[in-house]
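A.B. asks: Quick one: the structure is below, and I'll ask about it shortly.
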Amino acid sequence: MFTGKNNVADASQVKLVVTAKTKAADGVVALTLDHPEGRRLPDWTPGSHIDIVLPSGINRQYSLCGDRWDAHSYRIAVLHEAQGRGGSAYIHEQLTEGTTVALGGPRNNFPLAPSEKYLFIAGGIGITPMLPMIQQADLLGAEWKLLYLGRSRNTMAFLDELAAYGDRVVVMAKDESGPCRLQELIGDPQADTKVYVCGPQRLLTAVERHCADWPVGLLRVEHFAAKAHGAPARATAFEVELARAGLSVTVRPDQSILDAVQNAGVSVLTSCREGTCGTCEVTVLDGDPDHRDSILGDADRAAGHCMFPCVSRSCSDRLVLDL
Amino acid sequence: MTAPLSTIDAPLSDADPFSYDILEDPLPFQAELRAAGPVVYLRKYDVYAMGRYDEVHAALTDWQTFQSAAGVGLSNFRYEKPWRPPSLLLEADPPHHDAPRAVLTKILGPREIRGLADAWAADAEELVEDLLAKGTEFDAVTDLAAAFPLRVFPDAVGIPKDGREHLLPYGDHVFNAFGPPNELVAKGAPRVAELSASIATKCARDVLTPDGFGAQIWAAADRGDITEAQAPLIIRSLLTAGVDTTVNGLAAVLYAFATNPDQWARLREDPALSRTAFDEAVRFESPVQTFFRTTARDIEIGGTVIPEGRKILMFLGSANRDPRRWENPDAFDLSRDPSGHVGFGFGIHQCVGQHVARLEAATILNALSKRIASIEISGPTRRHHNNTLRAWESLPVRVKLG
């Protein structure tokens with residue numbers, strides 16, 4: 001549909017509605033997420049993940065595994081992690097269709113770089129970023145192979161979708177073929193082949209050890225589950241002090257910092273309003289920002305010296321900005 | 001290819017947006033275009049056109065429906081051979097667009113370019129001092145708007161000194177070539193081979209300084225984030241899209257201030273307005289006036305069905321003056337929030353160098369506002385005609401120091 005309206009979702013306000021929750025494998029559910037008013041969602045590229053803030057306030061990251069040509073839906077898949085911190089348990093046991101969650105990102109720390117050939121290696125739920133990647137590799141006309149490792153087929157999501165790719169997808173279930181011989185499967189570095197890996201930490205560690213001496217850029221790994229995320233995004237209001245204007249404004253949970261600042265009469269130049277263009281960057285003088293943009297890398301996020309107030313919020317009660 | 005008129009249900013227009021009169025002053029035509037409807041059919045070129053903000057903004061955003069890979073000019077690459085290897089950024093769609101865009105977004109990001117600010121501020125102050133030492137009357141185009149980007153940008157990319165005089169004519173021709181093959185294109189044609197060859201030599205790894213944007217693009221190729229074959233074309237994009245556009249953006253803001261002295265006074269009171277001032281000038285003047293897209297499917301807009309594979313001309317300049325979106329759109333007003341203007345485009349193709357342009361503009365405006373109390377037009381102004389750019393040939397000004 002093309003309404004001719006300025007109908008891109010504004011990420012600072014974006015709540016997504018769970019429009020479908022389906023079983024993708026034993027212990028894995030797939031969620032379809034749409035804008036409540038059916039607007040376009042922010043663009044993304046294969047390898048991207050989004051932050052989901054659950055109604056409980058828990059913030060979790062999941063790779064997007066849908067079709068980017070569908071601008072109106074995101075798809076994620078969630079493994080029930082028995083030892084997890086409660087996010088996946090909530091999604092599996094309590095989250096229902098119709099529930100609203102808040103969105104951060106998308107961000108991409110795992111982009112698909114050009115290559116003549118690709119070897120994709122997915123372990124378990126690590127299949128999620130690989131789905132858009134193989135679609136993209138196909139569109140680019142690259143030669144590719146996917147090794148999909150798992151405990152047993154009934155725990156491995158999306159086997160039905162992958163069947164369409166024929167023998168380019170090699171499914172290796174441990175209960176059928178025993179432990180895989182990763183070193184043999186990966187082999188030696190080839191200048192024309194990039195290797196993408198996503199999965200449990202022990203898989204990543206094994207691959208990284210095998211490829212330790214490889215030329216830079218050939219091995220690309222998504223450190224996905226292992227990364228500890230900071231404090232959860234707060235669901236309560238916070239104060240933003242505007243140092244140059246000598247003002248303090250309260251940012252309600254339902255508004256962006258940008259809106260609150262602009263309501264106070266302080267001008268901030270913006271453009272995309274979805275945390276992708278970087279126009280509204282502001283220097284953080286004090287406080288702990290909750291970065292929800294698609295721009296900053298991990299180091300910059302940790303440093304906390306700047307932020308994008310169109311989408312990013314605060315972990316601390318108070319932020320001081322150079323405005 | 002031409003559709004029988006009976007099948008076209010959009011309002012028809014016989015205007016030629018690339019004619020002398022409309023290039024000289026596009027505003028009356030743009031008002032007619034917006035009034036005629038959300039989509040208008042331009043008979044002369046057998047293309048559709050959009051002039052209202054909502055539709056232009058939505059089309060820029062919807063890359064799935066409005067493709068760039070068939071060219072963003074009148075020429076449809078599905079049927080016609082491009083006159084040069086297509087841009088990996090401007091004339092590409094996902095997925096091919098992704099990797100070059102990601103690399104350039106990072107290199108030209110606001111934090112990455114912050115390191116240039118001090119040196120550029122010193123350059124700007126020197127340029128202004130030298131200019132004012134010669135007198136208080138000068139040409140705001142040649143002496144400032146062109147002089148400053150040519151002074152700082154080629155160094156930032158890291159290209160050799162030789163042949164920099166080819167940058168502006170090459171860019172001028174590229175932006176003409178997005179339009180129809182009219183006399184503006186013919187005028188540039190004799191030098192195309194020479195200029196293209198000169199620009200190509202500047203993209204090679206071994207001629208670039210080790211610390212500039214160019215070297216960073218080659219470093220991305222070394223990491224495998226882009227291919228070695230892509231690197232020189234991405235540098236070509238910087239050299240093509242990074243000079244004429246900023247020159248005309250700066251000329252736009254200088255002209256706007258020269259004709260709105262009260263706004264200059266406001267900037268002097270609050271120099272932090274320099275960023276807003278530049279974006280307001282980009283909205284007001286829209287240095288890049290138009291780009292084409294090609295429909296990826298049949299699409300209905302405001303009751304008109306545009307068939308798949310057709311060219312659509314989007315009038316960014318008209319969208320930026322649409323009274324449906326902007327209050328008092330014909331005023332250059334620093335109290336306005338120009339956020340959301342489409343002068344840099346929008347969506348995945350939005351100007352990747354916009355932060356560089358803003359830094360250049362803020363830097364030169366800061367240097368000027370420190371020394372100059374007022375600025376006024378002192379002689380006949382002259383437009384430079386280009387099929388895509390709204391440009392100035394000459395803006396004689398007189399300034400008062402203070």
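The values are calculated or read from the model by the stated rules, or taken from the named source; none is laboratory data. Small disclaimer: the values here were computed from a predicted structure and weren't measured. A quick note on method: Cβ atoms are made from the backbone with ideal geometry, for glycine too, and the neighbour counts reach across all protein chains shown.
A.B. asks: So A:CYS272 passes all but one of these: (1) part of a loop (DSSP other than H, G, I, E, B); (2) over 24 Å from the mean Cα position of the chain (by Cα); (3) at negative phi. Which condition number does it fail?
C.D. replies: Unmet for A:CYS272, out of (1) part of a loop (DSSP other than H, G, I, E, B); (2) over 24 Å from the mean Cα position of the chain (by Cα); (3) at negative phi: (2).
A.B. asks: Residues of the stretch A:243-269 being in a loop (DSSP other than H, G, I, E, B), out of contact with any Cys (no Cβ under 6 Å at 6 or more places or on another chain) and at the interface with another protein chain (Cβ under 9 Å from one of its Cβ atoms), which ones?
C.D. replies: A:ARG244, A:SER267, A:LEU269
A.B. asks: Can you work out which of the residues in the stretch A:104-113 that are at negative phi and among the small types (Gly, Ala, Ser) is nearest to the other protein chains (Cβ to nearest Cβ)?
C.D. replies: Filtering the stretch A:104-113 for residues that are at negative phi and among the small types (Gly, Ala, Ser), the one nearest to the other protein chains (Cβ to nearest Cβ) comes out as A:ALA113.
A.B. asks: Answer yes or no as to whether A:GLY141 is among the small types (Gly, Ala, Ser) and under 23 Å from the mean Cα position of the chain (by Cα).
C.D. replies: no
A.B. asks: All but one of (1) surrounded by 20 or more Cβ atoms within 10 Å (Cβ to Cβ); (2) part of a strand (DSSP E or B); (3) modelled with pLDDT of 95 or more hold for A:PRO46; state the number of the condition that does not hold.
C.D. replies: If we test A:PRO46 against (1) surrounded by 20 or more Cβ atoms within 10 Å (Cβ to Cβ); (2) part of a strand (DSSP E or B); (3) modelled with pLDDT of 95 or more, just (2) comes out false.
A.B. asks: So which of B:LEU167, B:LEU132 is touching a residue at least 12 places away in the same chain (Cβ under 8 Å) and either assigned to a loop (DSSP other than H, G, I, E, B) or crowded, with 21+ Cβ neighbours inside 10 Å (or both)?
C.D. replies: B:LEU167
A.B. asks: Check B:THR245 against each of (1) surrounded by 23 or more Cβ atoms within 10 Å (Cβ to Cβ); (2) within 14 Å of another protein chain (Cβ to nearest Cβ); (3) of a type in the set (Val, Ile, Thr) and name the one condition it does not meet.
C.D. replies: (2)
A.B. asks: Can you find, within the stretch B:37-64, the residue that is farthest from the other protein chains (Cβ to nearest Cβ) among those that are buried (at least 20 other Cβ atoms within 10 Å of the Cβ) and among the hydroxyl-bearing types (Ser, Thr, Tyr)?
C.D. replies: For the stretch B:37-64, the residue satisfying everything is B:TYR41.
A.B. asks: Scanning for something at negative phi and crowded, with 24+ Cβ neighbours inside 10 Å, does the stretch A:157-178 turn up at least one residue?
C.D. replies: Yes, because at least one residue in the stretch A:157-178 is at negative phi and crowded, with 24+ Cβ neighbours inside 10 Å.
A.B. asks: Filter the stretch B:76-88 down to the residues that are closer than 26 Å to B:ALA231 by Cα and in contact (Cβ under 8 Å) with a residue 40 or more places away in the chain, then identify the one that is farthest from the other protein chains (Cβ to nearest Cβ).
C.D. replies: Among residues in the stretch B:76-88 that are closer than 26 Å to B:ALA231 by Cα and in contact (Cβ under 8 Å) with a residue 40 or more places away in the chain, the one farthest from the other protein chains (Cβ to nearest Cβ) is B:TRP83.
A.B. asks: B:GLY212: at positive phi and not aromatic (Phe, Trp, Tyr), yes or no?
C.D. replies: So B:GLY212 does not fit the description; no.
A.B. asks: Quick one: how many residues across the stretch A:46-74 are of a type in the set (S, T, N, Q), within 14 Å of chain B (Cβ to nearest Cβ) and more than 10 Å from the chain's Cα centre (by Cα)?
C.D. replies: Matching residues across the stretch A:46-74 total 1.
A.B. asks: Need at least 1 residues that are at pLDDT 95 or above and closer than 29 Å to B:ALA156 by Cα per element, so show me which strands (runs of 3 or more DSSP E) inside the stretch B:209-317 make the cut, counting only ones lying wholly within it.
C.D. replies: Fully inside the stretch B:209-317 and qualifying: B:290-295.
A.B. asks: Have a look at B:ALA145, B:ALA189, B:ALA156 and point out the one that is small (Gly, Ala, Ser), touching a strand residue (DSSP E or B) at 6+ places or on another chain (Cβ under 8 Å) and closer than 30 Å to B:ASN387 by Cβ.
C.D. replies: From the options B:ALA145, B:ALA189, B:ALA156, the qualifying one is B:ALA145.
A.B. asks: Determine whether A:GLU116 is surrounded by fewer than 17 Cβ atoms within 10 Å (Cβ to Cβ), within 14 Å of chain B (Cβ to nearest Cβ) and in contact (Cβ under 8 Å) with a residue 24 or more places away in the chain.
C.D. replies: yes
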